[in-house]
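The values are calculated or read from the model by the stated rules, or taken from the named source; none is laboratory data. Since the model is a prediction, treat every value here as computed from it, not as a measurement. Counting neighbours? That spans all protein chains shown, and the Cβs are built from the backbone with ideal geometry, glycine included.
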Amino acid sequence: MFEQTFKRLDDVLWKEAGCTTELDYTEQSSWMLFLKYLDDHERDRQQIAELEGRHYSFLIDRKYRWNTWAAPKDENGAFDHNHALTGDDLIEFVDKKLFPYLAGFKQRADSPDTIEYKIGEIFGEIRNRFRSGYSLRDALELVDELQFRSQREKHEMSALYEEKIQRMGNAGRNGGEYYTPRPLIRAMIRVVAPKIGERIYDGAAGSAGFLCEAHDYLRTDNLSTSDLNTLQRHTFVGKEKKSLAYVIAIMNMILHGIDAPNIIHTNTLTEKISDIQNKDRYEVILANPPFGGKERPEIQQNFPIKTGETAFLFLQHFIRSLKPGGRAAIVIKNTFLSNSDNAAKSLRKELLEKCDLHTVLDCPAGTFQGAGVKTVVLFFTRGTPTQKIWYYHLDPGRSLGKTTALKDDDFAEFVTLQEAKADSAKSWSVNISDLAPESCDLSVKNPTKTDDAPLRDPEEILAEIAALDAESADILATIRGIL
């Protein structure tokens, strides 16, 4: 129903000089979609109030409402071109009046968990990138064709928006920062199995894919009114540092049915983890923290295990943020399992001592388009030390790429075998007593697979490189002597 409208909107953005990347296309689509959603949402609430004989006070002043400046209508409900701003007048209104007005909601809001605060946060962080008021006018008229009134409409919109996020994620080398493959997320959720009444947290929310998929998993047809209210208001918590990802996360959750998403715009790692109290802990944590980031020394001071590796700091935060008995599924680079530096060894030891690391999912190369790293998923429960780890090597039987990405069926065997931790050609278990106590090396080593050479210790590799360098230097010195 809306697919052609989205394609035409992308065409307008592609021709706009101020928008040059997939990130720009998604950002600009997001603020327009948000304002159209807000207008539909307010008109729905107004109609409900009228039916109940109540007065409804609009959040947005009349001159800044969608139907006043973006899509004015005449008395017959048709688009009123005579009163629609365009060209330079439209750009000046949006840049100098609309955005400053909307950004001011942050100061006027009662608390951070209100929709007013979200409005202010969003429009205080992003900017209008349109330079042509005529292109913006075309984009606004296309967005006005979209509707957010029914669940069916929202469902289609959410699917189209997810496709846009996926294209944005696949466009750059930092794709995993914005987009985690949805089949992987759904498999992680099926293993963790969240329940209504549990709080679900992602401290590196990105586009909120984990929270949106968890919502879809829990949103069944037989929920009571009380359950629906719990799901809507008391279940999902996300934190995101980057402005664009924050805006996308808000819009993505709205399209999945969360009216006032509890996404906090903050750097999670600035929080001192020793200050985390029980009220700050969660029953379920699902996350894919950034790969390969480096944190400044002052950030590292918030953690007992000092390291510049962003993902290692996030893992410490997640361990501390779980309630006793809480379950987590965390995506991390596979080098975490075997790195020989002190921080990695200390973190593995802490994970094994404080949590039951019951499952490690070994993901194939190409799981994250453009990221260039191999990953694993750590599944653990806080409160009891690890006794045995079940490994599963995911092999979809093909090389992964943009047209051959992971599908839900690729995870079917993993999810089935994981419940009983059954052994197979792709799965095996390791007793914690069999690990080297000093290194706590957790490397993926399938005992049933004999054709590959065993993984070598990094120290051994470095020693061999140094020896080869020395040998090369001796050979060069001999050659120079001959010359």
**Request:** Please work out if Ile189 is in contact with a Leu (Cβ under 9 Å, 6 or more places away or on another chain) and part of a helix (DSSP H, G or I).
**Result:** yes
**Item:** Residue that is of a type in the set (A, V, I, L, M, F, W, C) and more than 16 Å from Pro385 (Cα to Cα), where the choices are Leu352, Leu337, Leu322
**Value:** Leu337
**Request:** Inspect the stretch 295-305 for any residue being assigned by TED's automatic domain parsing to the domain that holds Gly372 and touching a strand residue (DSSP E or B) at 6+ places or on another chain (Cβ under 7 Å) and give the result as yes or no.
**Result:** no
**Item:** Matching strands (runs of 3 or more DSSP E) fully within the stretch 256-340 where at least 2 residues are closer than 30 Å to Lys445 by Cβ
**Value:** 282-287, 322-333
**Request:** Please enumerate the residues belonging to the stretch 142-162 that are part of a loop (DSSP other than H, G, I, E, B) and either buried (at least 16 other Cβ atoms within 10 Å of the Cβ) or in contact with a Leu (Cβ under 7 Å, 6 or more places away or on another chain) (or both).
**Result:** Leu146, Gln147, Phe148
**Prompt:** Looking at Leu228, is it of a type outside the set (Val, Ile, Thr), part of a helix (DSSP H, G or I) and out of contact with any helix residue (DSSP H, G or I) (no Cβ under 6 Å at 6 or more places or on another chain)?
**Reply:** yes
**Message:** Can you say whether Val415 is assigned by TED's automatic domain parsing to the domain that holds Ile330 and not in a loop (DSSP other than H, G, I, E, B), as far as the supplied structure shows?
**Reply:** yes
**Prompt:** Tally time: how many residues in the stretch 289-299 are over 23 Å from the mean Cα position of the chain (by Cα) and either buried (at least 16 other Cβ atoms within 10 Å of the Cβ) or at pLDDT 90 or above (or both)?
**Reply:** 1
**Request:** Scan the stretch 341-351 for residues that are surrounded by fewer than 17 Cβ atoms within 10 Å (Cβ to Cβ) and assigned to a helix (DSSP H, G or I) and jot them down.
**Result:** Asn342, Lys349
**Asked** Pick from Thr235, Thr225, Thr220: which is surrounded by fewer than 18 Cβ atoms within 10 Å (Cβ to Cβ), modelled with pLDDT of 90 or more and β-branched (Val, Ile, Thr)?
**Response** Thr225
**Search result, residues across the stretch 10-59 that are of a type in the set (S, T, N, Q) and under 22 Å from Ile115 (Cα atoms)** = Thr26, Gln28, Ser29, Ser30, Gln46, Gln47, Ser57
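This table checks each residue for (1) touching a residue at least 12 places away in the same chain (Cβ under 8 Å); (2) over 16 Å from Asp11 (Cα atoms); (3) within 27 Å of the chain's Cα centre (by Cα).
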{"position": "Tyr101", "(1), (2), (3)": "yes, yes, no"}
{"position": "Ser111", "(1), (2), (3)": "no, yes, yes"}
{"position": "Ile115", "(1), (2), (3)": "yes, yes, yes"}
{"position": "Ile122", "(1), (2), (3)": "yes, yes, yes"}
{"position": "Tyr134", "(1), (2), (3)": "yes, no, no"}
{"position": "Arg137", "(1), (2), (3)": "yes, no, no"}
{"position": "Leu142", "(1), (2), (3)": "yes, no, no"}
{"position": "Glu145", "(1), (2), (3)": "yes, no, no"}
**Message:** Take the conditions surrounded by fewer than 19 Cβ atoms within 10 Å (Cβ to Cβ), out of contact with any strand residue (DSSP E or B) (no Cβ under 8 Å at 6 or more places or on another chain), among the aliphatic types (A, V, I, L, M) and under 25 Å from Ala109 (Cα atoms) and apply them to Ala260. Does it pass?
**Reply:** yes
**Item:** Verdict on Ala139 being modelled with pLDDT of 95 or more, surrounded by 15 or more Cβ atoms within 10 Å (Cβ to Cβ) and touching a helix residue (DSSP H, G or I) at 6+ places or on another chain (Cβ under 8 Å)
**Value:** yes
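Restricting attention to the stretch 312-344, report how many residues are among the charged types (D, E, K, R) and modelled with pLDDT of 95 or more.
Going through the stretch 312-344 one residue at a time, the tally reaches 3.
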**Message:** Can you tell me which of (1) over 28 Å from Lys345 (Cβ atoms); (2) buried (at least 16 other Cβ atoms within 10 Å of the Cβ); (3) not hydrophobic (A, V, I, L, M, F, W, C) is the one Thr268 doesn't meet?
**Reply:** (1)
**Message:** All but one of (1) surrounded by 14 or more Cβ atoms within 10 Å (Cβ to Cβ); (2) at pLDDT below 95 hold for Leu286; state the number of the condition that does not hold.
**Reply:** (2)
**Asked** So which residues in the stretch 397-410 are free of Cβ contacts under 8 Å to residues at least 60 places away in the same chain and buried (at least 17 other Cβ atoms within 10 Å of the Cβ)?
**Response** Leu400
**Matching residues in the stretch 321-345 - criterion: being of a type in the set (Val, Ile, Thr) and touching a strand residue (DSSP E or B) at 6+ places or on another chain (Cβ under 8 Å)** = Ile330, Val331, Ile332
**Asked** In the stretch 7-36, which residues are farther than 19 Å from Glu125 by Cα, in contact (Cβ under 8 Å) with a residue 12 or more places away in the chain and either crowded, with 20+ Cβ neighbours inside 10 Å or of a type in the set (Asp, Glu) (or both)?
**Response** Leu9, Asp10, Val12, Leu13, Glu16
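For the stretch 39-113, please list each of the helices (runs of 4 or more DSSP H) lying entirely inside it that holds at least 2 residues being among the charged types (D, E, K, R) and farther than 21 Å from Ile254 by Cβ.
In the stretch 39-113, 87-93 are the helices (runs of 4 or more DSSP H) which contain 2 or more residues that are among the charged types (D, E, K, R) and farther than 21 Å from Ile254 by Cβ.
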**Message:** For Ala420, only one of the following conditions fails: (1) farther than 25 Å from Cys440 by Cβ; (2) at pLDDT 95 or above; (3) hydrophobic (A, V, I, L, M, F, W, C); (4) buried (at least 21 other Cβ atoms within 10 Å of the Cβ). What is its number?
**Reply:** (4)
